[in-house]
1. What trypsin sites (Lys or Arg not before Pro) in segment 68-148 are in a loop by DSSP, with at most 13 other Cβ atoms within 10 Å of the Cβ?
2. Need the list of lysines near Lys43 for cross-linking: C-alpha distance under 23 angstrom, and skip anything on the same chain fewer than eight residues off.
3. In segment 263-293, which residues have a backbone nitrogen under 16 Å from the label point lying 7 Å from Asp328's Cα in the Cα-to-Cβ direction?
4. Run through every distinct alpha carbon pair of segment 261-312 and return the Kirkwood hydrodynamic radius in angstroms, one decimal place.
5. According to the square roots a ≥ b ≥ c of the eigenvalues of the Cα gyration tensor, what is the shape class of segment 176-280, taking rounded for a/c under 1.5, prolate for a/b larger than b/c otherwise, and oblate for the remainder?
6. Could you state the angle between the C-alpha long axis of helix 238-254 and the longest principal axis of the C-alpha atoms of the chain, as a value from 0 to 90 degrees rounded to the nearest 10?
7. Determine which residues of segment 293-321 fall in the zone a paramagnetic label at Lys84 would reach in this model, i.e. backbone nitrogen under 13 Å from the point 7 Å along Cα→Cβ.
8. Go ahead and set up a Gaussian network model of the chain, Cα springs under 10 Å, then flag whichever of Val166, Val30, Val62 fluctuates most.
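The values are calculated or read from the model by the stated rules, or taken from the named source; none is laboratory data. Since this is a predicted model, take the numbers as computed values, not measurements. Positions of Cβ are generated from backbone atoms using ideal geometry, with glycine treated the same way; all protein chains shown enter the neighbour counts. Just so you know, the surface numbers come from the protein's heavy atoms only, side chains and all, with ligands and any DNA or RNA stripped out. Shrake-Rupley method; radii C 1.70, N 1.55, O 1.52, S 1.80 Å.
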Amino acid sequence: TRRIQALSNRLATLVDDLNEPYTTGWLAIVEGIIAGLQGRFDKSLTACEAGEAMLRERCTGVTWEVMTARLYQLHALVMMGRWKDLAIAAPAQLEEGQARKDNYLTTYIRTRSLFLVHLAHDDPDTARELQSHSLDGWSRMGFQVQHYWDWYATTEIELYAGNPDVAWENLTRRWRAYQTSLLPRTQGLHIETLHLRARTAISLAAHDALAGSVTGGADRLLKRAEADLKWVDGRNETWAHAMAALARAGILSIREMFSEAVGLLAEAETRFESIHMNHYAAAARFQRGMLNGGSGDALCLQAGEWMAGQQIANPGRMAAMLAPGRWDRTG
């Protein structure tokens with residue numbers, strides 16, 4: 001992180017000396033990309049917006065640079081839980097990309113963003129159907145970032161739909177392809193990937209019958225999740241610590257260590273709020289309410305109210321996707 005900051009400071013000095021719109025705008029976008037990879041999604045969004053505005057207003061021939069800024073803006077909206085804004089921005093940019101025949105932009109939006117809009121509307125069937133065509137027009141060879149996001153999305157769709165066995169099979173089927181690509185070298189991406197595998201393992205472990213038939217037992221799944229979360233928590237990033245705490249709360253809930261789980265949920269919620277990852281904060285609050293008193297608890301109602309503001313129709317299912325576990329003490 002110190003090396004990145006030193007390089008960024010050096011670039012800023014050079015750009016200031018040039019005092020030229022293109023380099024100023026592009027540096028803002030680069031700083032936004034760096035912030036996004038470090039889990040500072042609010043900074044990523046504002047920096048990319050500022051850089052895009054500079055390039056559009058004062059430069060020509062910058063289609064690729066503007067497109068790159070918009071990709072990271074969409075990613076920031078996803079990671080900040082601003083899905084009401086996402087539901088407007090993603091279709092609009094998809095339409096613009098299609099008119100321009102920009103296959104890179106349109107494939108990214110189809111693989112990464114649109115499925116979440118449909119999950120928010122509590123429509124996993126439509127999300128699944130559209131996702132099955134998300135790579136149309138893109139090569140199926142290799143394992144590029146487009147294949148990664150499709151893989152990620154199809155796993156989350158099945159988690160949301162309550163099919164953790166299908167999600168686990170989908171995840172493990174292409175895990176080797178992911179490992180042998182260069183993508184795990186990107187820390188931010190790998191944090192998300194291991195957190196997704198941990199979530200999937202926890203969700204499957206919570207379904208004991210399925211866990212026994214598919215993987216050989218819930219305990220094996222929870223150990224797999226714990227190993228992944230140890231790596232995630234070892235990163236020097238607030239968002240990684242928050243994601244690890246949230247998933248570990250799910251593990252504790254399955255082991256019926258409910259008081260400890262509540263403590264970790266509260267910790268995760270506070271961390272997520274501090275970095276504006278508000279959908280995860282709402283999921284932590286919702287599950288804390290489930291442990292406190294069930295779906296009628298005030299915490300569940302508060303989380304549900306926030307989710308409704310982001311056009312999330314089914315708070316319980318969304319919370320189960322983001323923060324799986326055993327949240328009914330009597331279940």
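1. Values: sites: Arg70, Arg82, Lys84, Arg100, Lys101, Arg110, Arg112, Arg128, Arg140; in loops: Arg82, Lys101, Arg140.
Counting only loop positions with at most 13 other Cβ atoms within 10 Å, the trypsin sites (Lys or Arg not before Pro) in segment 68-148 are Lys101, Arg140.
2. Result set, ordered by chain and number: Lys84.
3. 287-293
4. Working: mean 1/r = 0.0941 Å⁻¹.
That comes to 10.6 Å for segment 261-312.
5. On the way: a/c = 2.33, a/b = 1.07, b/c = 2.18.
It is oblate, given that a/c is not under 1.5 and a/b is not larger than b/c.
6. Computed tilt is about 20 degrees.
7. Counting backbone N atoms under 13 Å from the label point, the list is 305-313.
8. Val62
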